[in-house]
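First the structure, in the form of structure tokens, and then the observations on it.
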Amino acid sequence: MPNAIPFLDLVTPHMELEQELVDVFRQGLHTAGFVGGPMVEEFEKAFATFCDASHCAAVSSGTDALRFALMAAGIQPGDVVLTVPNTFIATTEAISQACAIPEFVDIDEKTYNMSVDKLQQYLEKQCTLDQSGKPISMRSGRPVTAILPVHLYGQMADMDSILELAGKYGLIVIEDACQAHGAEYFSKKHNRWMKAGSIGRAAAFSFYPGKNLGACGEGGAVTTNDAALAGTVKMLRDHGQVKKYYHDMEGYNGRLDTIQAGLLHVKLPHLAGWNAQRRDRAAGYNQTLASNKAVSLPFEPAWSHAVYHLYVIRTNDREGMMNHLKSVGIGTGIHYPIPLHLQKAYASLNYRGGDFPVTERVASEIVSLPMFPQLTEQQQSRVVEEILAFTSKPHPG
Ligand SMILES: Cc1ncc(COP(=O)(O)O)c(C=O)c1O
């Protein structure tokens, strides 16, 4: 369709950097250095610096980053890890793959991230304390050892409050920063803005192509200020070895490709600018949709600098709006239509509809609008015009 507006344009940023990206590939071919080596190490250093973290271990995906971070932080088989039902399944897959058990707390209705009140209620009302004061889940009878908040849509969870509760109950906090490269949180405790990936015991990032920093394939990273944890992640990603063929433990094949590291290193200097463009587009949507009573706009608390991996609105007639936008060539998405506790994959966890009412309500109303750094003002105006055209029409019910 002429004038179609994609939900996400991945072609333009790659064409803008075509020569530099091709040079990386050529360098890879000329050296045949496809696994490990200086290209990976240089990218790790640069990404750690970007995140204000001391260490970065590049791995093969965000899912592996989460799994390795949990394992390296000492999560034991059968431990409970708390997270939210409003996230991509990789969050809970990683928990299960680390042989732990995911349990959920509901989200905050405004930020769509982990509700601190619900987390507190869970720890106070749905756990008993063992002799050492550690919480034991009444649901599973297993010890709760970690919290995995997700910085969803590019906005950080309320980390001061989560860390305070974690401190009180002796829990490890791992950030799922897979959608939040460059997002910032104003920590009252530290009296400064802090980057995603620098606050928890460790954090996981995804470089899936559509992410704010995306590879030309799969990739991920763990960032941390804990040297020992970073070392363990580096062993886990590489068959448990520090030195070739000397295996201190069993690990995985979870390394980041050298060429992907090189490609990511070319893109990294552009990330702050791309994030600024995303914030600018978000401000554009906010301004032009503000007076429309049929939609709720994203909420950014004063302590948050979100990087708008996704720009998500809510509306009662979500299907109608998406169909209308589709009919005029505008792409949209739903992140995510079915909360994790209601997915078939988690039937064995025995959650029911109604267990997490905020997540369930939100999941039925959210729609993600076109959002990418190269979205032009003209394109954005058209998206807004079509939303206004749709919401001003009378609707049944
Ligand atoms: C919130 C969240 N967690 C984890 C992941 C997993 O990342 P990957 O696809 O790189 O394994 C993703 C992205 O897909 C994500 O959005």
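The values are calculated or read from the model by the stated rules, or taken from the named source; none is laboratory data. Since we're looking at a predicted model, the values are computed, not measured. Note: ideal-geometry Cβ built from the backbone for every residue, glycine included; neighbour counts use all protein chains shown. We work out accessible area using only protein heavy atoms, side chains counted, and drop any ligands, DNA or RNA first. Shrake-Rupley method; radii C 1.70, N 1.55, O 1.52, S 1.80 Å.
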Nearest-0.05 FRET efficiency for Glu124 and Ala347, computed from C-beta distance (R0 25 Å): 0.35
Cα gyration tensor, the stretch 186-272 - rounded (a/c under 1.5), prolate or oblate: oblate
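If you roll a 1.4 Å probe over the stretch 191-279 with all protein chains in place, what percent of the accessible area is carbon or sulfur? Intermediate results must be reported in sequence, preceding the final value.
On the way: 1890 of 3760 Å².
So the carbon and sulfur contribution to the accessible surface is 50 percent.
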Cα gyration tensor of the stretch 69-189 - equivalent ellipsoid semi-axes, whole Å, descending: 22, 16, 13
Average accessible surface area per residue within the stretch 298-339, 1.4 Å rolling probe, Å²: 39 Å²
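So how do Lys110, Lys168, Lys267 rank on accessible area, 1.4 Å probe, biggest first, that is with the largest at the start? Provide the component values of the computation, followed by the final result.
Numbers: Lys110 115, Lys168 135, Lys267 10 Å².
Sorted descending by solvent-accessible area, the residues read Lys168, Lys110, Lys267.
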Peptides ranked, highest mean first, by Cβ atoms within 10 Å: ranges 378-389, 66-77, 289-300, 137-148: 66-77, 137-148, 378-389, 289-300
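Give me the number: length gained by fully extending Thr376 to Trp303, i.e. 0.36 nm times residue separation minus the C-alpha to C-alpha distance, one decimal in nm. Write down the numbers at each step before the final one.
Numbers: separation 73, 0.36 × 73 = 26.28 nm, distance 2.80 nm.
Contour length minus Cα-Cα distance gives 23.5 nm.
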Difference of contour (0.36 nm per residue) and Cα-Cα distance, Asn323 to Leu8: 111.7 nm
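If you take the Cα Rg of the stretch 113-176 and divide it by 2.2 N^0.38 Å, with N the number of residues, what do you get? Don't skip to the end; give the middle numbers.
Numbers: Rg = 11.8 Å, N = 64, 2.2 N^0.38 = 10.7 Å.
Scaled against compact globular proteins, the figure is 1.11.
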The stretch 31-119 - percent of accessible surface contributed by carbon and sulfur, probe 1.4 Å: 56 percent
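Given a 1.4 angstrom probe, what's the average accessible area per residue across the stretch 1-41, in square angstrom? List each step's numbers first, then the result.
Working: 2790 Å² over 41 residues.
Counting only protein heavy atoms, the per-residue value for the stretch 1-41 is 68 Å².
Between rounded, prolate and oblate, where does the stretch 1-136 land on the alpha carbon gyration tensor, with a ≥ b ≥ c its root eigenvalues, rounded for a/c under 1.5, else prolate if a/b exceeds b/c?
Values: a/c = 2.96, a/b = 1.66, b/c = 1.78.
It comes out oblate by the Cα gyration axes.
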Heavy-atom accessible area ranking, 1.4 Å probe, most first, across Ile101, Ile338: Ile338, Ile101
Chymotrypsin sites (Phe, Trp or Tyr not before Pro) within the stretch 235-282, DSSP loop, no more than 13 other Cβ atoms inside 10 Å: Tyr245
Cα-only radius of gyration and Dmax that characterise the stretch 151-201, units Å: 10.5, 29
Charge context of Ile338, other residues only, Cβ under 11 angstrom, K/R +1, D/E -1: 0
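Ignoring any ligand, DNA or RNA, what whole percent of the accessible area of the stretch 292-379 comes from carbon and sulfur when the probe is 1.4 angstrom? Mind dumping the intermediate values first?
On the way: 2020 of 3890 Å².
Using a 1.4 Å probe with all protein chains present, the stretch 292-379 comes out at 52 percent carbon and sulfur.
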Cα gyration tensor category, rounded, prolate or oblate, for the stretch 257-356 with a/c compared to 1.5: oblate
Integer Hz, Karplus 6.51/-1.76/1.60 couplings in order for the stretch 4-15, x for Gly and Pro: 4, 10, x, 5, 8, 10, 9, 7, 3, x, 6, 5
Burial ranking of peptide ranges 325-336, 363-374 (average Cβ count within 10 Å, highest at the top): 363-374, 325-336
Calculated over the chain: convex hull of Cα atoms, volume per residue (Å³): 147 Å³
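Leaving out ligands and nucleic acids, and using a 1.4 Å probe, what accessible area per residue does the stretch 60-114 come to in Å²?
Heavy-atom SASA per residue in the stretch 60-114 reads 24 Å².
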With DNA, RNA and ligands ignored, accessible area of Asp280 (1.4 Å probe; Å², nearest 10): 90 Å²
Area accessible to solvent at Cys216, 1.4 Å probe radius, in Å²: 70 Å²
Theoretical gain in end-to-end length, Ser364 to Ile334 [0.36 nm per residue, Cα-Cα removed]: 9.9 nm
